[in-house]
Each structure stands twice: as C-alpha cells, then as structure tokens.
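Everything on this sheet refers to the single structure shown next.
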Amino acid sequence: MSRADTADFKALFLKDTPMMDTRAPLEFKKGAFPHTVSLPLMTDQERAKVGTCYKKKGQDEAIKLGHQLVSGETKQERLEKWLAFAKANPDGYLYCFRGGLRSQITQQWLKDAGCDYPRITGGYKAMRRFLIDTLDRVAVEQPLIVVAGETGCAKTELIKQVNGHVDLEGIANHRGSTFGKRATAQPPQIGFENAVAVDFLRHEDTHPDRPVVLEDESLLIGRCALPERLRAEMAKSPLAVVEATMEQRVEHSFNNYILDKLAEWQSEVGEEEGFAAFADDLRTSMGKVERRLGGVRHKAMTETLEAALAQHERGDPGLHRDWIQPMLEEYYDPMYRWQLSKKAGRILIRGTFDEVRDFLNSDSVKR
C-alpha cells in the first residue's frame, strides 16, 4: 500500500522520520535536518551545469541536460542507493529544495523501479521556514529557565538530569568555553538552528507544562551562534545558579577538558596522533586567553601547561590541575562574576548541584 506525500512537518520532526535529501551535496553541507541522509539527484558540478543551462536556454533545455548528465550507469548507481534507503526506511520520505523537479524526478524513477516512495511537499525550504517559525514561537510562549554558574560547576551534566531541557552545547558539539572544542566538527549554523528548533518542538509536545531549561550561553557556542529570538528570551529569563567548591570545579574541569578531551582525540585519530592533536588543541586555546590574562600570567600558565603535557605524555596527567585552578580564578571567575552582577534581579535559586537539579524537577516550576 502506497503512502501519500506529506506536508505535516510537525509529525515528521517529532517522529524522527528518516528523510532522503536529494539536493546537491553543497546544499546539504550548508544545512540539513536531523535523521536526514544526503542522496543527491545531481552532483554539485552537474547542478551548476543545469543551472547555467536554465539561465541561458530555459527550463525545458535544462531538464533535457539533466537527464543526459544523470543517465546510464550513473543513474543506476544513484537509483540503487535510493532503493536501499527506501528499503531500510519504509516509513521515510524524500525531498529536494522546494519539493519540485528534483524530488519529483527521484520519486518517478523510484516508481518506475517498483518502489512507490512519498515526498515532502514544499521540500527543504518549507521545512526550514516551519522550524524558524516554531523556534520563534515556542521561545516566547514556553517559559525558560537558564542555569548559570562558574566554569566547572557541571551545568551541562545538571541540565541533562532535568525534565524538559535543551542541551545547546550538545547540539553545537562544543563545551562552550575557550577550551571547549571537541575532536569532531561542529554542525553548520543552519543545521544547528534546525536541531535546536526540533528540540524545542519536542519539548512543547512532551513537557507542555514545564519550562525549557537551558544552560547560560554567550552569543557563540564555538562557532555556532544562538538564534536571535532565543538569545533575546534567554537574556530576560530567570536564572538558577549552581554553586560548587573550587576543588569540585577543578576536578570537573580536569575530567572534561583533559581526560575526556584526550579520549575523544585518541578515539578519532589514534593514540599517538591523538595526544599530539590534544596538546595542540590546548595550546591553541591557551593562546586565545593571552590578551585578557596579560603577558606575565599567560606566560606562567603556558609554562605550567607545557610541563603538564610533558608529564602527561609520560603517563601522569595530574599536573594539569596546576594550571586549571589559576585559569578558573584569574580568567573565568572575574568575567563570570561581573556578568552575574548584572543579572542579580533574575536569580530564582542558588544552590548546590543537587539542590538546583531537584528544584528544577519539582512541581514548583510548573506553569
């Protein structure tokens, strides 16, 4: 039994529907949706040729050229990939940029091969518009609570234990601070925005009576910028401030930015190359804080970092704590306290990790 084409974007995203993106690879790279696979009708070069033909000779000639470029073995290879996707994802859909020719051609070729597979009407453009409007709406209609705290207070771990959170740093694939780069790449800006919108949509569906709990963030999480409407709403939302001892913060930072970061790099590129990449990562981050720290303090921390790396390579990572603590005290804390002083009137609760988590999970924060 064949399934109809759809424009029910909300259902597509809430159900994590598998989707086949038939746009060119460059279009996909600029931004896509969760649970989407790039299986283009045309390569970037083929699309460029068809586009040039369209401008010079019109649609009919462009379509004719497209069929010439994607024919024979090339067409069969792509068709086999589409058929494999359809077989593996019987509940999925396909789309192109506007739900027009590319997805219609793909759909027809699949049908000719005996596979009746539905497409998304309106395509990528309509889904993208839906997500932009959804985020703008939900960010205003759904109350927000922002979890703040000094670096190393385990804010990310805290929000993950709260009903109805959105993990912005997880979506951005970045820990948020100067030293927060991860071994794997961040998503493109549009992909980041799409994923954030989907999580807000899911929150509205599953936790309509609870606020969205978010970690306090600056404009940029690595190179991913917070959507403008969301940032504006976060800037006036109540704060839940988590507090921790310096010892706890140093240990948390040590685990996240040293042990976990090294494990990530080694998992990606191997043990030896992973340590070299990890060391370069730390050195690059240390270089970014020089201006604010000043030459003398930066030189001292850099020397401690180098000594820690040498000792770490010999098997003992413990010396990293000796530069982490002054980095917290002299770089992160003054900046955080100044920023928090401007937000004092918005503080809803101050407490330990457990106190803040339990408060955010309690009925007292329900709508």
For the chain, with all protein chains present and a 1.4 Å probe, just round the carbon and sulfur fraction of the accessible area to a whole percent. 50 percent
Could you tell me what percent of the DSSP beta bridges with both partners in the stretch 114-255 are antiparallel, to the nearest 5? 20 percent
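Please give the length that would be gained between Asp358 and Arg292 if that part of the chain were fully extended, namely 0.36 nm times their separation in residues minus their C-alpha to C-alpha distance (nm, one decimal).
20.1 nm
I'd like the FRET efficiency for Glu306 and Leu259, computed as 1/(1 + (r/R0)^6) with the beta carbon distance as r and R0 of 25 Å, rounded to 0.05.
0.85
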Explain nothing, just compute: Karplus ³J(HN,Hα) = 6.51 cos²θ - 1.76 cosθ + 1.60, θ = phi - 60°, for every residue of the stretch 300-313 in order, whole Hz, x for Gly and Pro. 5, 5, 5, 5, 5, 4, 5, 5, 5, 5, 4, 5, 4, 5
Inter-label distance, nm, simple model (7 Å from Cα along the C-beta direction), Gln339/Glu77: 4.8 nm
What accessible area per residue comes out for the chain, rounded to a whole number of Å², with a 1.4 Å probe? 49 Å²
Between [x] 1.19; [y] 1.34; [z] 0.97, the structure-derived Cα Rg over 2.2 N^0.38 Å is [x]
The Cα extents of the stretch 217-283 along the principal axes, largest first and rounded to whole Å, are 46, 31, 19
Evaluate E = 1/(1 + (r/R0)^6) for Thr245 and Gln189, where r is the Cβ-Cβ distance and R0 equals 56 Å; express this FRET efficiency to the nearest 0.05. 0.90
Do any of Lys181/Lys342; Lys236/Lys342; Lys261/Lys288; Lys155/Lys236 go past 23 Å between their Cα atoms, and which? Lys181/Lys342
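Between Leu220 and Arg137, what length comes free when the chain is fully extended (0.36 nm per residue of separation minus the Cα-Cα distance, one decimal in nm)?
Extra length from Leu220 to Arg137 when fully extended: 27.7 nm.
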May I ask you to list the lysines whose Cα is less than 21 Å away from that of Lys64, ignoring any residue fewer than eight positions away on the same chain? Lys49, Lys55, Lys56, Lys75, Lys111
Go through Glu306, Glu273 and list them by solvent-accessible area, largest first, probe radius 1.4 Å. Glu273, Glu306
Restricting to DSSP H runs of at least four residues, report the calculated mean residue ellipticity at 222 nm for the chain, -39500 (n - 2.57) per run over all residues, nearest 500 deg cm²/dmol. -16500 deg cm²/dmol
So how far apart, in nm, are the two label points at Lys64 and Ala88 if each is 7 Å from Cα heading toward Cβ? 3.8 nm
Taking the Cα-to-Cβ direction at Lys57 and at Arg202 and moving 7 Å from each Cα, how far apart do the two end points lie in nm? 4.7 nm
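The values are calculated or read from the model by the stated rules, or taken from the named source; none is laboratory data. What you see is a predicted model, and the numbers here were worked out from it, not measured in a lab. Backbone-built Cβ (ideal geometry, glycine too); neighbour counts: all protein chains shown. With ligands, DNA and RNA removed, areas are computed over all heavy atoms of the protein, side chains included. Shrake-Rupley method; radii C 1.70, N 1.55, O 1.52, S 1.80 Å.
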